[in-house]
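Remarks on the structure that follows.
Every number here is computed from the coordinates shown, using simple stated rules; none is lab data. This is a predicted model, so every value here is computed, not measured. Every residue, glycine as well, gets a Cβ built from its backbone with ideal geometry; the counts of neighbours run over all protein chains shown.
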Amino acid sequence: MDPEVREGLERSWKALMFVGILAIVVGCIAILVPAVASVGTAIFIGWILLIAGAFLVAAAFSAHSVGSLVVRLIWAALTVIVGIWLIVEPHNGTLTLTFVLGIYFLFMGLTRIAVAFVGRGQQGAGLIGLSGVAGLLIGILVLVKLPSSADWAIGLLVGIDLIFAGWTLTSIALVGKDLARNARPA
């Protein structure tokens with residue numbers, strides 16, 4: 001293991017453990033109350049887009065031509081408008097985000113199935129194909145159940161993702177804890 005990584009894990013394992021446990025708790029809450037998590041996610045994405053839009057406006061003025069400036073300002077304005085819309089109308093935003101999420105799962109599922117088909121016979125191709133089928137089914141379920149799926153889809157998937165992220169962080173923290181314990185002089 002790289003000495004810098006080792007030292008970083010030894011120093012920060014407690015913070016990683018805290019964030020990991022927090023992510024698991026928030027993920028469980030998101031799964032239990034997916035509608036609230038969906039709206040919260042829409043508002044969060046809205047703020048991210050609003051902040052990104054402000055940076056895009058500032059970056060637009062580094063354009064080398066008037067045409068490029070105009071295109072960049074339009075892009076920035078659209079980003080800001082969508083951000084504000086998600087913040088002000090998060091319920092409508094969840095519907096749009098859920099539609100985009102459904103399309104994403106549909107196409108990612110089809111892509112993974114195609115990759116697995118091309119790579120058939122190779123190690124891991126079956127798991128990629130299985131992942132593709134699962135993604136395809138999730139995409140179809142989300143899109144067929146619109147608009148009601150907007151109440152649960154984003155919150156449920158964000159909750160699952162937070163639990164997996166928390167699990168990963170706590171696992172890394174445990175490695176750091178072991179490294180810190182073994183690094184202490186006897």
Can you tell me the 0 to 90 degree angle between the C-alpha axis of helix 66-88 and the longest principal axis of the chain, rounded to 10?
70
With charges only on Cβ, +1 for K and R and -1 for D and E, what is the dipole size of the chain about its Cα centre, in debye, rounded to 20?
240
Over segment 1-120, what is the relative contact order in percent, taking alpha-carbon pairs closer than 8 angstrom and at least six residues apart?
25
How far apart, in nm, are the 7 Å Cα→Cβ label points at residue 122 and residue 91?
4.8
Reviewing [x] 72; [y] 60; [z] 50, the figure for percent of Cα pairs over 19 Å apart actually calculated from this model sits under [x]
Can you order the peptides 4-13, 116-125, 24-33, 91-100 by their average number of other Cβ atoms within 10 Å per residue, highest first?
91-100, 24-33, 4-13, 116-125
Which of these, 90, 34, 147, has the largest mean-square fluctuation under a Gaussian network model of the chain (Cα springs below 10 Å)?
147
Taking Cα atoms, how many degrees apart are the long axis of helix 34-60 and the longest axis of the chain, rounded to 10 and kept between 0 and 90?
70
Final fewest-first order of 175, 70 on the 10 Å Cβ neighbour count is 70, 175
I want to verify a result. In a Gaussian network model of the chain, Cα cutoff 10 Å, which of these has the top mean-square fluctuation: 166, 102, 126?
126
In deg cm²/dmol and to the nearest 500, what is the mean residue ellipticity at 222 nm of the chain if only DSSP H runs of at least 4 residues count, each as -39500 (n - 2.57), divided by the residue total?
-30500 deg cm²/dmol
Which length gain, in nm to one decimal place, applies between residue 25 and residue 130 when the Cα-Cα distance is subtracted from 0.36 nm times their residue separation?
35.0 nm
Working from Cα positions, state the angle (0 to 90°, nearest 10) between the long axis of helix 153-183 and the longest principal axis of the chain.
30
